[in-house]
Amino acid sequence: MADIPYFGTYARFDTASKKDAAVLLGADNLVGDVFDIEFVTEDGVRTAWMKNRFGAMVGFFEPGTSRDLSLCEARGFRMQALLSFIAYSESPEPGEYWGEAAIICYDPKDAEAFECFTGNIAARMMDGIRPEVDLGEQGYAKVVESKGTWKPTKTVSLPSKQAGVAILKTRRSVSEKMIEQGRKGNKGCYILSWVFLLALIAGVIFGLRSCGVF
């Protein structure tokens, strides 16, 4: 961990079970959403979990990442995770849902700059862009000096394709953006989102009928 009052990285998270992972595929967990990080201790092992804005614990980080986050907590950092993508792997049996999040931790004294920076990173992630968040000393200084308006030019690629692995969410869909606008009070977008979804369902049914399925 760099000797600056900041820690950032992309890290894998896993889910407790396929059933528990179902919530990740819904509109309560969108790419670019900002999650709180909380610790859960079981059998003497302390694990960092992602908690969404509705209070649901949706995924946990691997031991190495949990240790890094424990160090950030000890330094008094504010800790957040931004959902980057969700994936499904056929193995190990019976299959598992997992994903990656961009972790951003910083000293509260830099809150104004990094709240702006985090918002900019989240906005780019909504469009499927994965900006570099491992800033180093120079990147950290640029964020603070610009009060968070500086944007990293480097990006991080998605994991290479592997047999039996499907990437399910990498950006926000049109319907998800409409639903989010509805949550913010734009009732017109909320209604349009449901019209869009109903039209999509109607199209699928029409296609199945055309194929003679029913």
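A short reminder: the numbers here are calculations on the coordinates, not readings from a lab. The shown structure was predicted, so the numbers you read here are calculated from the model rather than taken from an experiment. We place every Cβ from the backbone using ideal geometry, glycine too, and count neighbours over all the protein chains shown.
What to note about this one:
- Mean Kyte hydropathy of -1.0 or more with a Cα span along the axis of at least 15 Å, helices from DSSP in the chain: 63-74, 111-126, 187-210
- Chymotrypsin sites (Phe, Trp or Tyr not before Pro) restricted to segment 21-73 and DSSP loop, no more than 12 other C-beta within 10 Å: Phe54
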